[in-house]
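Q: Please see the structure below; I have some questions.
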Amino acid sequence: MLIRHSRASDVLSSEITPHSVLLNRREVLRAAAATGAIAGLSPFMLSNTAVAASQKLPNVIKTKWTEHALGKDDKLTPYDDVTSYNNFYEFGTGKGDPARNAHTLKPKPWTVVVDGHVEKPGHYDFDDLIRGHDLEERVYRFRCVEAWSMVIPWVGVPLVKIIKRLGATSNAKYVAFETLADIEQMPGQRFATLKWPYREGLRMDEAMNPLTLMAVGLYGKVIPNQNGAPIRLVTPWKYGFKSIKSIVRISFTEEMPPTSWNMSAPREYGFYSNVNPLVHHPRWSQAKERRLGGPTNIFGFTPKRPTLMFNGYEEEVANMYHGMDLKRNY
Amino acid sequence: MRAEDKIFWVFKSIIWALCLLPLAWLIWLILNQGLTANPAEFMNRYLGEWAIRILWVALAVTPVKILTGWKQALRFRRLIGLFASFYVVLHVTSYVVVDQYFDWTAIWNDIVKRVYITVGMASFLILIALAATSWSSIVKRLGGKVWKRLHQGVYLAGIMAAIHFIMMRKGFQIEPFIYAGILAALLGTRLVPHLKKLKKKAAAA
């Protein structure tokens, strides 16, 4: 009979670094050495995720989209509010659930599948997808379909730059996105709140609009898990649910792709879901919104304020919907 | 004081304390900036959820009597029901003052156009009417039979509250359906004595 006695000095199998991680580390080192940039190593390249979140992103470029450019009634929503009050049903349906539960998400290493009508399909490591692009700061209004809003200083890369690099072909009429589907990392997926994975999509011109951002950070730091780490979409003229989080797949399609909330309640959530104070959600008005952290009234609460057409981005986006019936194409 | 009455007063005090606890907790949260990033929404939902919970407890009194035979339970029913109405009043007050800030046009549009608010308001009106007619003197004046009929309106108020709760959630969420299931059980238990009577009749025939 063979009995294996374990000794304290034995190396546990769990302590042995998996081959894939080793390879990954080598790649990181090689890449860093190649660019001679070990000192200025991007925080993305540090393999420990818990350390990475809240880490400052280097070389973030200021753009014309600043807090100042938005106007005096659009003050930045405090960091704590932006990162503690979230809709991310993969981690629970309560607003505080994502901040409490999203620590199970592992945003590093992260692979994004690019497929469909595109010249350079493949499995892209997160770093490869972002590398070579400047990180830009964009201060945008964020309007949730539930009639609350924030002002958030995102950090990211305009989607149009990534699309151009990947080389979308002329057959590509839409871009479809998918969130990670992994019950271990996203415990909220045990419940059939929505059909997982979460899906979103944009028309090609919407995806190529200069406003559309692939965000990897906010407040100059690496994006926290509950806000959609490591990479999420930001389309500020659309309701928040269009800005899909924790993306693992980008597909270039010819047909309009199915989108999660539309699949769940087609009468309530359309494909476009542009912010529009004149077109109401069947269950509530969209005429007004509550700006979280905004000025308070005598009762100490923030009153609602009028919602702007296209969330105030009419100038940049209205031409894309010229001649379209926005009541029917909600 | 009889021993029975003493127990009654002890129970009554406990009910008072328990029913005021959610309000005390809310006040503590307000004083300590604990109402999340969206205080108006948090407060509204918090008060609505407690209104439903206490209403369900009030509706559980009769089933407790039916299943255990403990008739004294009925003596607490009015108090619990009044607390449910109290939280519904706070819930609606918070909707009018904190959420809509006296924007009566917006409130009217909500009631007319948004089905879940229409249903919720109807439930609120019924509960107010029942609270207003809960005095012993009114029971006497109306006569037990009429009063009982009137106060069976609480079943409708409960059902509408459950619908209101289900309708306000996005996607498929299990929680409001659990509440609806409990309500169905509470209302269903009331049929037990009737079914027993029918069985007896059938056996006698």
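The values are calculated or read from the model by the stated rules, or taken from the named source; none is laboratory data. Predicted model, so just to flag it, every value in this text is computed and none were measured. Note: ideal-geometry Cβ built from the backbone for every residue, glycine included; neighbour counts use all protein chains shown.
Q: Going through region A:170-206 one residue at a time, which ones are surrounded by 23 or more Cβ atoms within 10 Å (Cβ to Cβ), among the aliphatic types (A, V, I, L, M) and within 26 Å of residue A:315 (Cα to Cα)?
A: Within region A:170-206, A:175, A:202 qualify.
Q: Please go through region B:73-113 and give me each residue that is touching a Phe, Trp or Tyr at 6+ places or on another chain (Cβ under 6 Å) and either facing chain A (nearest Cβ under 10 Å) or over 30 Å from residue B:13 (Cβ atoms) (or both), ordered by number.
A: If the condition is that a residue be touching a Phe, Trp or Tyr at 6+ places or on another chain (Cβ under 6 Å) and either facing chain A (nearest Cβ under 10 Å) or over 30 Å from residue B:13 (Cβ atoms) (or both), then B:98 is the only one that fits.
Q: Does residue B:126 meet the test of being over 12 Å from the mean Cα position of the chain (by Cα) and either modelled with pLDDT of 95 or more or more than 14 Å from every other protein chain (Cβ to nearest Cβ) (or both)? Break it down into steps so the answer makes sense when it comes.
A: On the way: over 12 Å from the mean Cα position of the chain (by Cα): no; either modelled with pLDDT of 95 or more or more than 14 Å from every other protein chain (Cβ to nearest Cβ) (or both): yes.
Criteria not met by residue B:126.
Q: Here's a check for you: in region A:287-311, which residue that is under 26 Å from residue A:210 (Cβ atoms) and surrounded by fewer than 19 Cβ atoms within 10 Å (Cβ to Cβ) is nearest to the other protein chains (Cβ to nearest Cβ)? Step through it out loud before you land on a result.
A: Taking region A:287-311 as the starting set, the residues that turn out to be under 26 Å from residue A:210 (Cβ atoms) are A:289, A:291, A:306-311.
So of that shortlist, the ones also surrounded by fewer than 19 Cβ atoms within 10 Å (Cβ to Cβ) come out as A:306, A:308-309.
Values: A:306: 11, A:308: 17, A:309: 19 Å.
Top of the filtered list is A:306.
Q: Restricting attention to region B:27-45, which residues are within 12 Å of another protein chain (Cβ to nearest Cβ) and part of a helix (DSSP H, G or I)?
A: Initially, region B:27-45 is screened for residues within 12 Å of another protein chain (Cβ to nearest Cβ), giving B:30-31, B:33-45.
Result: B:30, B:31, B:39, B:40, B:41, B:42, B:43, B:44, B:45.
Q: I would also like to ask the following. Hey, does region B:145-152 have a residue that's out of contact with any Lys or Arg (no Cβ under 7 Å at 6 or more places or on another chain), at pLDDT 95 or above and not in a helix (DSSP H, G or I)?
A: Within region B:145-152, one or more residues are out of contact with any Lys or Arg (no Cβ under 7 Å at 6 or more places or on another chain), at pLDDT 95 or above and not in a helix (DSSP H, G or I).
Q: Something else: Which residue pairs have Cβ atoms closer than 8 Å, lie 6 or more positions apart in sequence or on different chains, and pair a first residue in region A:202-213 that is of a type in the set (Val, Ile, Thr) with a second residue that is part of a strand (DSSP E or B)?
A: Within 8 Å, the pairs are A:212/A:158; A:212/A:202; A:212/A:233; A:212/A:234.
Q: While we're on this one: Scan region A:147-201 residue by residue and report those that are in a strand (DSSP E or B) and within 14 Å of another protein chain (Cβ to nearest Cβ).
A: Initial filter on region A:147-201 (in a strand (DSSP E or B)): A:148-158, A:168, A:174-179, A:199-201.
A:148, A:149, A:150, A:151, A:152, A:199, listed by residue number.
Q: List the residue pairs whose Cβ atoms are under 9 Å apart, where the first residue sits in region A:274-296 and is under 26 Å from residue A:83 (Cα atoms), the second is assigned to a strand (DSSP E or B) and among the aromatic types (Phe, Trp, Tyr), and the two are 6 or more positions apart or on different chains.
A: Short answer, once both residue conditions are applied: A:289/A:148; A:290/A:148; A:291/A:148; A:292/A:148.
Q: In this structure, does residue A:199 turn out to be without any contact (Cβ under 8 Å) to a residue 24 or more places away in the chain and of a type in the set (D, E, K, R)?
A: Working: without any contact (Cβ under 8 Å) to a residue 24 or more places away in the chain: no; of a type in the set (D, E, K, R): yes.
No, not satisfied.
Q: Which of the residues spanning region A:256-273 are among the polar types (S, T, N, Q), in contact with a Gly (Cβ under 8 Å, 6 or more places away or on another chain) and in contact (Cβ under 8 Å) with a residue 60 or more places away in the chain?
A: Kept after step one, since they are among the polar types (S, T, N, Q), are these residues of region A:256-273: A:259-260, A:262, A:264, A:273.
Subset that is in contact with a Gly (Cβ under 8 Å, 6 or more places away or on another chain): A:259, A:262, A:264.
Answer for region A:256-273, where residues must be among the polar types (S, T, N, Q), in contact with a Gly (Cβ under 8 Å, 6 or more places away or on another chain) and in contact (Cβ under 8 Å) with a residue 60 or more places away in the chain: A:259, A:264.
Q: Which one of these is in a helix (DSSP H, G or I) and more than 9 Å from chain B (Cβ to nearest Cβ): A:256, A:320? Outline the logic, then answer.
A: Numbers: A:256 fails: in a helix (DSSP H, G or I).
Selected residue: A:320, the only one of A:256, A:320 that is in a helix (DSSP H, G or I) and more than 9 Å from chain B (Cβ to nearest Cβ).
Q: If you don't mind, another one. In the set A:64, A:72, A:108, A:95, which member is surrounded by 19 or more Cβ atoms within 10 Å (Cβ to Cβ) and either free of Cβ contacts under 8 Å to residues at least 40 places away in the same chain or on the phi > 0 side of the Ramachandran plot (or both)? It would help to see each step written out before you state the result.
A: Details: A:64 fails: surrounded by 19 or more Cβ atoms within 10 Å (Cβ to Cβ); A:72 fails: surrounded by 19 or more Cβ atoms within 10 Å (Cβ to Cβ); A:108 fails: either free of Cβ contacts under 8 Å to residues at least 40 places away in the same chain or on the phi > 0 side of the Ramachandran plot (or both).
Result: A:95 is the single residue among A:64, A:72, A:108, A:95 that is surrounded by 19 or more Cβ atoms within 10 Å (Cβ to Cβ) and either free of Cβ contacts under 8 Å to residues at least 40 places away in the same chain or on the phi > 0 side of the Ramachandran plot (or both).
Q: Select from region B:1-51 the residues that are surrounded by 18 or more Cβ atoms within 10 Å (Cβ to Cβ) and of a type in the set (A, V, I, L, M, F, W, C) and list them in ascending order.
A: B:19, B:26, B:37, B:40, B:42, B:43, B:47, B:50, B:51
Q: Take region A:81-125 and flag every residue that is charged (D, E, K, R) and within 14 Å of chain B (Cβ to nearest Cβ).
A: A:81, A:90, A:95, A:97, A:100
Q: Still on this structure: Would you please name the residue that is nearest to the chain's Cα centre (by Cα), looking only at residues in region A:266-296 that are outside any loop (DSSP other than H, G, I, E, B) and over 30 Å from residue A:174 (Cβ atoms)?
A: Residues of region A:266-296 outside any loop (DSSP other than H, G, I, E, B): A:274, A:281, A:284, A:288-291.
Keeping just the survivors that are over 30 Å from residue A:174 (Cβ atoms) gives A:288, A:290-291.
Details: A:288: 25, A:290: 22, A:291: 20 Å.
Out of the qualifying residues, it is A:291.
Q: Looking only at region A:202-232, count every residue that is out of contact with any Lys or Arg (no Cβ under 6 Å at 6 or more places or on another chain) and not in a loop (DSSP other than H, G, I, E, B) and tell me the total.
A: Summing the residues that are out of contact with any Lys or Arg (no Cβ under 6 Å at 6 or more places or on another chain) and not in a loop (DSSP other than H, G, I, E, B) in region A:202-232 gives 14.
Q: Which residues, counting only those in region B:155-194, are within 14 Å of chain A (Cβ to nearest Cβ) and part of a helix (DSSP H, G or I)? Walk me through how you get there before you give the answer.
A: Within region B:155-194, the subset within 14 Å of chain A (Cβ to nearest Cβ) is B:163-178.
Within region B:155-194, B:163, B:164, B:165, B:166, B:167, B:168, B:174, B:175, B:176, B:177, B:178 meet the criteria.
Q: Between residues in region A:139-167 that are farther than 18 Å from residue A:278 by Cα and residues that are of a type in the set (D, E, K, R) and in a helix (DSSP H, G or I), which pairs lie under 9 Å by C-beta distance while being six or more apart or on different chains?
A: Every condition considered, the pairs that remain are A:139/A:67; A:150/A:81; A:151/A:67; A:153/A:67.
Q: With the requirement that a residue be surrounded by 14 or more Cβ atoms within 10 Å (Cβ to Cβ), within 14 Å of residue A:248 (Cβ to Cβ) and without any contact (Cβ under 8 Å) to a residue 60 or more places away in the chain, what does region A:113-124 give you?
A: Narrowing region A:113-124 to residues surrounded by 14 or more Cβ atoms within 10 Å (Cβ to Cβ): A:113-118, A:121, A:124.
Now narrow it down to the ones that are within 14 Å of residue A:248 (Cβ to Cβ): A:113-115, A:124.
Matches in region A:113-124: A:124 only.
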